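Colleague: This structure is in structure tokens; I'll ask about it shortly.
The values are calculated or read from the model by the stated rules, or taken from the named source; none is laboratory data. Note that the structure is a prediction, hence the values are computed from the model and not measured. So basically every Cβ, Gly included, is an ideal-geometry build from the backbone, and we count neighbours across all protein chains shown. When the accessible area is computed, the model is the full protein with side chains, heavy atoms only, and any ligands, DNA or RNA have been set aside. Shrake-Rupley method; radii C 1.70, N 1.55, O 1.52, S 1.80 Å.
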Amino acid sequence: MVTVLDTRLELVRDYVNTFDFETGIDEIATPDELATWLSEQGLVEDLVKPTEQEVEDAHALREAIRELLLANNGSEVDAAAASQTLEEAGRRAHFGVRFEAGRAVLAPEADGAPGALGRIVATVAELAPTDEWKRLKTCRDEHCKSRNRSRAWCSMEVCGNREKARSFRRRHAS
């Protein structure tokens, strides 16, 4: 059974994974690609026409969230800078408070890409205090940095083995 929490975690995970460090492929590299991705995720009702600046904002937001997920994996990060990026995205989204079933939620009042990115920020804000958020992590491998759930590496077969091989070589080189 997929819960609302799972769906929100999947949104954040999928957003962070729009850039693949191993292949260099960015699913939201252009305004058209960002518009398509936002539409496919249901973050906008109609296809939007993001600007180049909004694509840059989307990339900055993605990397700020990636930093927070890396912190969830025990890495030293600049959480203040990442938080500032999320706050700026929230300001561009013109957050307001809406009540759903008596529960306060952040709701972007902006349209287009800023509003859609604001929905991602609102999701992060809602998830941040939960145990589930703490389990969502970024792979520690600097060449991968994909998301994973509760492991140091996204895959022991790939990133974990690479790290073990690096450690082995370091130990035996001295």
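Colleague: On the given criteria, is Ala104 closer than 19 Å to Leu136 by Cα and surrounded by fewer than 19 Cβ atoms within 10 Å (Cβ to Cβ)? Don't jump to the end; show me each part of the working.
Modeller: Numbers: closer than 19 Å to Leu136 by Cα: no; surrounded by fewer than 19 Cβ atoms within 10 Å (Cβ to Cβ): yes.
Spelling it out, it is not the case that Ala104 is closer than 19 Å to Leu136 by Cα and surrounded by fewer than 19 Cβ atoms within 10 Å (Cβ to Cβ).
Colleague: Turning to a different aspect of this structure: Closer than 17 Å to Ala122 by Cβ, surrounded by fewer than 19 Cβ atoms within 10 Å (Cβ to Cβ) and under 18 Å from the mean Cα position of the chain (by Cα): is that true of Glu88 in this structure? Before the answer, list the steps.
Modeller: Working: closer than 17 Å to Ala122 by Cβ: yes; surrounded by fewer than 19 Cβ atoms within 10 Å (Cβ to Cβ): yes; under 18 Å from the mean Cα position of the chain (by Cα): yes.
Answer is yes for this residue.
Colleague: If I go through the stretch 4-35 residue by residue, how many of them are of a type in the set (Ser, Thr, Tyr) and part of a loop (DSSP other than H, G, I, E, B)?
Modeller: First, pick out the residues of the stretch 4-35 that are of a type in the set (Ser, Thr, Tyr): 7, 15, 18, 23, 30.
Filter once more, keeping what is part of a loop (DSSP other than H, G, I, E, B): 18, 23, 30.
Residues flagged as of a type in the set (Ser, Thr, Tyr) and part of a loop (DSSP other than H, G, I, E, B) within the stretch 4-35 amount to 3.
Colleague: Let me confirm something: among Ala35, Ala58, which residue is touching a helix residue (DSSP H, G or I) at 6+ places or on another chain (Cβ under 7 Å) and either buried (at least 20 other Cβ atoms within 10 Å of the Cβ) or not basic (Lys, Arg) (or both)? Steps first, answer last, please.
Modeller: Working: Ala35 fails: touching a helix residue (DSSP H, G or I) at 6+ places or on another chain (Cβ under 7 Å).
Selected residue: Ala58, the only one of Ala35, Ala58 that is touching a helix residue (DSSP H, G or I) at 6+ places or on another chain (Cβ under 7 Å) and either buried (at least 20 other Cβ atoms within 10 Å of the Cβ) or not basic (Lys, Arg) (or both).
Colleague: In addition: Please go through (1) in contact (Cβ under 8 Å) with a residue 12 or more places away in the chain; (2) outside any helix (DSSP H, G or I); (3) surrounded by 13 or more Cβ atoms within 10 Å (Cβ to Cβ) for Val77 and return the number of the only condition it doesn't satisfy.
Modeller: Against the list (1) in contact (Cβ under 8 Å) with a residue 12 or more places away in the chain; (2) outside any helix (DSSP H, G or I); (3) surrounded by 13 or more Cβ atoms within 10 Å (Cβ to Cβ), Val77 comes up short only on (1).
Colleague: Which residue pairs have Cβ atoms under 6 Å apart, sit 6 or more places apart or on different chains, and have a first residue in the stretch 4-26 that is more than 14 Å from Leu61 (Cβ to Cβ) and a second that is among the β-branched types (Val, Ile, Thr)?
Modeller: Going by the 6 Å Cβ cut-off, the qualifying pairs are Arg8/Thr123.
Colleague: May I ask you to list the residues in the stretch 12-27 that are touching a Leu at 6+ places or on another chain (Cβ under 8 Å) and open to solvent by 50 Å² or more (accessible area, probe 1.4 Å)?
Modeller: Arg13
Colleague: Another question, then. If you scan the stretch 80-121, which residues turn out to be part of a helix (DSSP H, G or I), within 19 Å of Lys49 (Cβ to Cβ) and not small (Gly, Ala, Ser)? Reasoning before the result, please.
Modeller: Taking the stretch 80-121 as the starting set, the residues that turn out to be part of a helix (DSSP H, G or I) are 80-93, 112-121.
Those still in the list that are within 19 Å of Lys49 (Cβ to Cβ) too: 89, 92-93, 112-120.
Selection gives Arg92, Pro114, Leu117, Arg119, Ile120.
Colleague: Could we say that Arg62 is at pLDDT below 95 and in a helix (DSSP H, G or I) here? Break it down into steps so the answer makes sense when it comes.
Modeller: Values: at pLDDT below 95: no; in a helix (DSSP H, G or I): yes.
Here the answer is no, as Arg62 does not meet what is asked.
Colleague: While we're looking at this one, here's another question. Which ones in the stretch 113-134 are in contact with a Leu (Cβ under 9 Å, 6 or more places away or on another chain), closer than 16 Å to Val44 by Cα, open to solvent by less than 40 Å² (accessible area, probe 1.4 Å) and not polar (S, T, N, Q)? Steps first, please.
Modeller: Taking the stretch 113-134 first, the residues in contact with a Leu (Cβ under 9 Å, 6 or more places away or on another chain) are 113, 115-128, 130, 132-133.
After this cut, where a residue has to be closer than 16 Å to Val44 by Cα as well, the list is 113, 115-123.
With open to solvent by less than 40 Å² (accessible area, probe 1.4 Å) added as a condition, the list becomes 113, 115-118, 120-123.
Scanning the stretch 113-134 gives Ala113, Gly115, Ala116, Leu117, Gly118, Ile120, Val121, Ala122.
Colleague: One residue is enough: does the stretch 37-54 have a residue meeting the conditions among the β-branched types (Val, Ile, Thr), within 16 Å of Thr123 (Cβ to Cβ) and touching a residue at least 60 places away in the same chain (Cβ under 8 Å)? Write out each step before concluding.
Modeller: Step one: filter the stretch 37-54 for residues among the β-branched types (Val, Ile, Thr), giving 44, 48, 51.
Right, trim to within 16 Å of Thr123 (Cβ to Cβ) and you get 44.
So of that shortlist, the ones also touching a residue at least 60 places away in the same chain (Cβ under 8 Å) come out as 44.
Scanning the stretch 37-54, I find at least one residue that is among the β-branched types (Val, Ile, Thr), within 16 Å of Thr123 (Cβ to Cβ) and touching a residue at least 60 places away in the same chain (Cβ under 8 Å), so the answer is yes.
Colleague: Just for the stretch 1-21: of the residues that are modelled with pLDDT of 90 or more and acidic (Asp, Glu), which one is farthest from the chain's Cα centre (by Cα)?
Modeller: Taking the candidates together, the pick is Glu10.
Colleague: Further question: Being in contact with a Leu (Cβ under 7 Å, 6 or more places away or on another chain) and within 25 Å of Thr130 (Cβ to Cβ) is the requirement here; does Leu9 meet it? Even if it seems obvious, please write down each step before you answer.
Modeller: On the way: in contact with a Leu (Cβ under 7 Å, 6 or more places away or on another chain): yes; within 25 Å of Thr130 (Cβ to Cβ): yes.
Yes.
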